[in-house]
Amino acid sequence: MRIAMLGTRGVPASYGGFETAVEEVGRRLVARGHEVVVYGDRQHPHVREHLGMEVVHVPAVPQKQLETLSRTGIAALLAVTGRRADAAFVFNAANAPYVPLLRARGIPVAVHVDGLEWQRAKWGRAGRGYYRWAERRAVRTADALIADAPGLVDYYLREFGVPTELLRYGAPILEHVDRARIAEAGLEDGGFHLVVARFEPENHVLEIVRGYRRSGARMPLVVVGSAPYSAAYTAAVREAAEGDERIRLLGGIWDQQLLDALYAGARTYLHGHSVGGTNPSLLRAMGAGAAVAAWDVGFNREVLGTREWAFRSPEGLPSILAAAEADDALVARLGARARSRAAQAFRWDDVAAGYERLAEALASRASIHALGRAARRAPARAVADPAIL
């Protein structure tokens, strides 16, 4: 089959979860004998082929509200005017307006709906309204919907009465990590607590910093991340950390080997994400064998398979940090359990096989369109709260 992938920054993957999924799934589909074309940005202008995938570079408007939409719109135009694909995967429900264009060309489309994007505070009223509308648009126009977490499967069934395909992310199992690189950050192996996140309210970096300050932790808190669109939130995090020499704000780290060393060498990995589905940063920490303390929402509980170290406020963190620093055996047990679950439940080969089956079904004209095109959102009382998903 010829399979098109649209809606991301493309490959080589150097940004986020969608891009990693495209790279890991696409390379495996190529290995299974399929032709894969990936539409992405112009970050790697000289790359025309990557791991067997055809790479098409697409311009975009460099503005938060328009970047993804403009890039995917041009990609859709290229897809319908070029050689027809047998199936297309469109990532991000925000790109739903382009689904009818692809289907008009005879290309069946599955939309990866991502998490509950309309609940993110970084979007204003108009942005949140658009994402709510785009969810419904994806349901009404796509041939299939893809969710990366059981909570999202339940959400779309409850909200719209339509099924979704559960296709998770894979977890990289980090076996050969150069832990000596930890010293480059002035840290000791096993002697720090780690946060890796974009600085957004739903990722609760601020709450983690405040909770750490309330603790008697001896080991430093290392915060990796930045906020490309929110200087105010970054300022709030810096203000919360100011005056505490134990807190080290490292900013963004794009050296994957160094970042992997930090995951593998952390005493704990503190995960504050609350809105998305299966989070790639959490999976990477699990694959590194980190002992994880996570924000107490269904998405995180399901991925970890436990809520042993769960918190919902700054006040919930000090006791976890105290236990982590006092009990070597507990830290080792939780880290080993996280790594084992990552290796068993989140395998890229299984994920790619699921995408292949779905592409084959789409190419044979299997579709939920007849059901979804008349779908209506359930009454407001049924709207899901991510805290209970």
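Derivation of every value follows stated rules applied to the coordinates shown; laboratory data play no part. Bear in mind that the values here come from a model prediction, so they are computed numbers and not experimental data. Because the Cβ atoms are built from the backbone with ideal geometry, glycine has one as well, and the counts that use them run over all protein chains shown.
Modelled label-to-label distance, R377 and A126, 7 Å Cα→beta-carbon offset: nm?
Between R377 and A126, the simple spin-label model gives 1.8 nm.
If each of E360 and R83 carries a label point 7 Å out from its Cα toward its Cβ, how far apart are those two points in nm?
Distance between label points: 2.2 nm.
Return the label of the correct value of Rg/Rh (Cα atoms, Kirkwood Rh), as calculated from the structure shown, out of [x] 1.03; [y] 0.97; [z] 0.99.
So the structure-derived entry is [y].
List the residues whose amide H sits under 5 Å from the amide H of I146, counting only those 5 or more places along or on another chain, with H placed 1.01 Å from N in the peptide plane.
For I146, the qualifying residues are V111, H112, V113, E165.
Rank-order 147-153, 104-110 by packing density, defined as the average count of other C-beta atoms within 10 Å over each peptide's residues, highest first.
Averaged packing, sorted descending, gives the order 147-153, 104-110.
Please check the chain for the longest run free of GluC sites (Glu not before Pro) that are loop-located per DSSP (anything but H, G, I, E, B) and have at most 14 other Cβ atoms within 10 Å.
For GluC sites (Glu not before Pro) (loop position, at most 14 other Cβ atoms within 10 Å), the longest site-free span of the chain is 1-174.
Could you list the residues of the range 15-39 with an amide nitrogen less than 14 Å from a label point located 7 Å from the Cα of E49 in the Cα-to-C-beta direction?
Residues passing the 14 Å test: 30-31, 34-38.
What does the C-alpha gyration tensor say about the overall shape of the range 178-336? Classify as rounded when a/c is under 1.5, otherwise prolate if a/b is larger than b/c, or oblate.
It comes out rounded by the Cα gyration axes.
For the Cα atoms of the chain, what angle does the longest principal axis make with the long axis of helix 67-81, in degrees from 0 to 90, nearest 10?
With both axes taken from Cα atoms, the answer is about 30 degrees.
Taking amide H positions as placed 1.01 Å from N in the peptide plane, with prolines and chain starts having none, which residues 5 or more places from I247, or on another chain, fall under 5 Å of its amide H?
Sorted by chain and number, the residues that satisfy this are L221.
Return the FRET efficiency for the residue pair D328, L258: r is the Cβ-Cβ distance, R0 is 25 Å, and the value is rounded to the nearest 0.05.
Between D328 and L258 the formula returns 0.50.
Apply the Karplus parameterisation 6.51 cos²θ - 1.76 cosθ + 1.60, with θ equal to phi minus 60°, to every residue of the range 312-320 and state each ³J(HN,Hα) to the nearest whole Hz, in sequence, with x for glycine and proline.
Running phi through 6.51 cos²θ - 1.76 cosθ + 1.60 with θ = phi - 60° gives 10, 6, x, 5, x, 8, x, 5, 5 Hz.
Quick one: W254, W348, W133, W295, fewest Cβ neighbours within 10 Å first, how do they rank?
W254, W133, W348, W295
Which whole-Hz couplings ³J(HN,Hα) result when phi for each residue of the range 272-287 is put into the Karplus expression 6.51 cos²θ - 1.76 cosθ + 1.60, θ = phi - 60°, listed in order with x for Gly and Pro?
Once rounded to whole Hz, the list reads x, 5, 9, 10, x, x, 6, 8, x, 5, 5, 4, 5, 4, 5, x.
Name the residues whose placed amide hydrogens come within less than 5 Å of the amide hydrogen of V36, ignoring near sequence neighbours (fewer than 5 apart) on the same chain.
Amide H neighbours of V36: I3, E54.
In whole Hz, what ³J(HN,Hα) sequence does the range 97-104 give by Karplus (6.51, -1.76, 1.60; θ = phi - 60°), x for Gly and Pro?
Rounded to whole hertz, the list is x, 8, 4, x, 4, 5, 5, 5.
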